[in-house]
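Just below is one structure, and these are the notes that go with it.
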Amino acid sequence: MTDNKKFIPCIYLCEDKAWSDFTKTDVISEDPAALAEAYSDAGADELIVFDLSPEGNDKLHEDSLHMLQKICKAVDVDVLGAGNVKRMEDIKKLLYAGCKKAFLNYSKEGNREILKEVSDKFGKDKIGICYSNPQNITNDIENVDNLASELIFLGENGKFMTNSLLPVVLYVVSGDDNGLIENLKSEKIHGVTGTYVNANYGRINEWKDVCKSEGIPVFRLEAAFSWDQLKKNSEGMVPVIVQDYRTDQVLMLAYMNEEAYNTTIKTGKMTYFSRSRNELWIKGETSSHYQYVKSIYTDCDYDTILAKVKQIGAACHTGKYSCFFNEIASRNYTEKNPQKVLDSVFDVIKDRKVNPREGSYTNYLFDKGVDKILKKLGEEATEIVIASKNPEEKEIVYEISDFLYHMMVLMAEKNVSWEDVTDELSRR
């Protein structure tokens, strides 16, 4: 296999808590979404979430699905969902919660029976299989290879082998770092997960360094330009402009020397050189307001760096999210950024819901309820169709604008955010 090998922590989810393993012996986190975010920020390539809520307990199962949605929203890597799957509806719920793939436990005969149904419905790329007995896979090899895209082996290490052609993620309970790396040398194994990975997730980047040195393909930040290729200022440094990777908001300006540049690439955490303290400065080291690298560019002259980051907490030492909040001068203008326009209108709609205004059409819709909102949304959709048949271009723009407004009223009514929608679109 030529694909990158993956380090995949897993979360054992039940009662809105993350447990130590399948036995649910100990609670390791009261906030599974925060734990998932920590795994993601540490360099995890994917996450697996096992729903361990008891069969037949619909309340706990629904709670787990809601928590799974929070996890998918909190992290920047793909989430794989498994556990509590008995019918096609369960697969749909995992995918709708935000999972990249949903996994069937192939030790259950009922799951083997629905494999073709769910694969036909959602596509092979969305379906995976968990197994602990390789014979289950061997006995159904044609269906497995044609209807699924990935296997997770939950049995005893080293006994995963089947005649399936699908890539295997190996579940590792114990051992050492050398053993973990050795597993990834197998052409069949394309990732490792399990309690050993969870317990040592802070070493994921170290493991990737070892993999790289041994010729095992993994994803690591790689600098396309060496420090020597960048143009330095009179102090031997390069200025760095930092942006929020989701919103493009400018957060701060800082400087890098060679050590800061190389450390940033190696660790994935923004690291600068403090001119006032004359020392290396890992952003967030004292405040925990880390900046995790999403992308780094240099400009056309190679003398300035632009970094897009995931900002934890505030970027500014004053507590402001961005350092750029002191307005010097401005003039009135019409906002043209589509994201900002939609966010601004949506903010007004949400404010009307919380702070009603007499005579407000938006409040009229909220007062009438979801049926009235849906009726208006349907009417506006029809108006778009009619306008599309007419030659006047402006007419369709007007009708689409009306539709988007009513759609945002529905979003506010159902507590759906633009981020929910864009996250879902980005996963497709």
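The values are calculated or read from the model by the stated rules, or taken from the named source; none is laboratory data. None of these values were measured; they are calculated from a predicted model. Here the Cβ is made from the backbone with ideal geometry for all residues, glycine too, and neighbour counts use every protein chain on show. Surface areas here come from the heavy atoms of the whole protein model, side chains and all, with no ligands, DNA or RNA. Shrake-Rupley method; radii C 1.70, N 1.55, O 1.52, S 1.80 Å.
Structure data summary
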| item | result |
| --- | --- |
| Residues of the range 262-307 satisfying the condition of being closer than 17 Å to SER234 by Cα, crowded, with 16+ Cβ neighbours inside 10 Å and either free of Cβ contacts under 8 Å to residues at least 40 places away in the same chain or of a type outside the set (Ser, Thr, Tyr) (or both) | TYR272, PHE273, ILE305 |
| Qualifying residue in the range 259-270 (condition: under 24 Å from the mean Cα position of the chain (by Cα) and over 27 Å from TYR201 (Cβ atoms)) | no |
| Residue check, ARG352 under 30 Å from GLY98 (Cβ atoms), basic (Lys, Arg) and either not assigned by the TED database to the domain that holds CYS99 or not in a helix (DSSP H, G or I) (or both) | yes |
| Pick from the range 394-428, criterion part of a helix (DSSP H, G or I) and of a type in the set (Val, Ile, Thr), ranking: modelled with the highest pLDDT | VAL409 |
| Selection within the range 343-387 - over 34 Å from the mean Cα position of the chain (by Cα), aliphatic (A, V, I, L, M) and open to solvent by 70 Å² or more (accessible area, probe 1.4 Å) | VAL385, ILE386 |
| Yes/no for GLY191 being at pLDDT 95 or above, of a type in the set (Gly, Ala, Ser) and under 30 Å from ASN262 (Cα atoms) | yes |
| Which numbered condition TYR292 misses (of (1) within 19 Å of THR264 (Cβ to Cβ); (2) in a loop (DSSP other than H, G, I, E, B)) | (2) |
| Which numbered condition ASN136 misses (of (1) in a loop (DSSP other than H, G, I, E, B); (2) open to solvent by 10 Å² or more (accessible area, probe 1.4 Å); (3) not acidic (Asp, Glu)) | (1) |
| Residues (over 30 Å from LYS208 (Cβ atoms), assigned to a helix (DSSP H, G or I) and open to solvent by less than 60 Å² (accessible area, probe 1.4 Å)) located in the range 39-89 | LEU60, HIS61, ASP63, SER64, LEU65, MET88 |
| Inter-residue pairs, beta-carbon under 9 Å, first farther than 14 Å from LEU404 by Cα and modelled with pLDDT under 95 and in the range 381-393, second among the hydroxyl-bearing types (Ser, Thr, Tyr) and open to solvent by 90 Å² or more (accessible area, probe 1.4 Å), 6+ apart | ALA387/TYR398 |
| Filter result for the condition that a residue is among the small types (Gly, Ala, Ser) and within 15 Å of LEU13 (Cβ to Cβ), over GLY110, GLY81 | GLY81 |
| The range 90-106: number of residues that are under 15 Å from ALA148 (Cβ atoms) and assigned to a helix (DSSP H, G or I) | 3 |
